[in-house]
Amino acid sequence: MNEPEFYANNWLGADWTDWGPLDPNGDHLSTFSTDEGLYRVRHPERPGLEYIGETGRSLRGRVRALAHGAFADEMPYRDPHTAAPCLWAVQQEDGKELEVSVTTPTLAEDKQSRKAFEDALIAVYRRERGESPTANFGRIIDGYRQSTYRSGGERGGPLEPGETESNAESGVGPLDWSRSEAILSGDWMGLSWSAPRQLAVVDTSLPTDDALYRIWREGGAPPLEYIGQSSNLKSRLYHHRRNRDEKLLYSYTELGEHDAQHKREEAETELIGVHWLEAGRVHGISSEGFGFRRT
């Protein structure tokens, strides 16, 4: 059986290191670059990836901070690393076998490109696996309560019988990629988008429900200037009207199953990742043009 693409050393055209232990005191992490980069975490006994992340600081330092949290004596707070509580819970359930692999493509030097590539990795992973990595989007596994941020002062841990945790609720599956290249269409990624209107005409008729939205300039390249999500579409678009060129166009799609923040963020991330991938193809930009470095 072939190894999944998301485990490969050349996943999505980047040059990834070999997998090794996510051990804060081990030799594997000491070999990592101190430059900007991206990383992925897996558990050999669990299918798929546990986490995909990025950092604009030292890749070695960021991954080491995650490792310290994941293998602490008690569940860590959500800062300095928001994925640490979930990975801590994973290793409580399945043993201390977490592994990590990293990449430092040249695009990682630019914050916007680095974050867009992270979104592209998550989008492609969702398409292949049918779900998001376990610890992305602030989630926690079943049977555990999420820690607060340090300022909240509450550490999570195993739930008592009958208790529930909202962040353990399943996410939503991938969007429809059949027309992923049709970025400005009314059915992009299988969603039903409203007709384009200028930000200047944002008004009280807009819904106040959960929604995804996109903003663009007619004839602009790349196609979109912004992709976002909100639990109150009207409020969010009024904000953009106040802070952006009112001649920009917007379109939105109301959501049904995306009734929690982590679900809206899953869809938003997938759209951003697909836009980044497709915009490169539309404008003839190769992987090298996006700044990938091969060694």
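Of the residues screened, R139 is one that is in contact with a Cys (Cβ under 9 Å, 6 or more places away or on another chain), closer than 20 Å to L87 by Cα and surrounded by 16 or more Cβ atoms within 10 Å (Cβ to Cβ). A count restricted to segment 159-201 and to residues that are closer than 25 Å to G138 by Cα, without any contact (Cβ under 8 Å) to a residue 60 or more places away in the chain and not hydrophobic (A, V, I, L, M, F, W, C) stands at 9.
Out of the residues in segment 239-295 that are of a type in the set (D, E, K, R) and in contact with a Lys or Arg (Cβ under 8 Å, 6 or more places away or on another chain), state the one that is modelled with the lowest pLDDT. Out of the qualifying residues, it is E257.
Looking across segment 217-231 at every residue that is aliphatic (A, V, I, L, M) and within 23 Å of the chain's Cα centre (by Cα), the one that is surrounded by the fewest Cβ atoms within 10 Å (Cβ to Cβ) is identified as L224. Please work out if G138 is at positive phi and modelled with pLDDT of 95 or more. The answer is no for G138. Within the bounds of segment 125-135, is there any residue that is loosely packed, with under 15 Cβ neighbours inside 10 Å and under 21 Å from V41 (Cβ atoms)? Yes, segment 125-135 has at least one match.
Residues in segment 103-123 include none that are within 27 Å of N10 (Cβ to Cβ), without any contact (Cβ under 8 Å) to a residue 60 or more places away in the chain and not assigned by TED's automatic domain parsing to the domain that holds L59.
The values are calculated or read from the model by the stated rules, or taken from the named source; none is laboratory data. Keep in mind that what you see is a predicted model, and the values were worked out from it rather than measured. All Cβ positions, glycine included, derive from the backbone under ideal geometry; neighbour counts span all protein chains shown.
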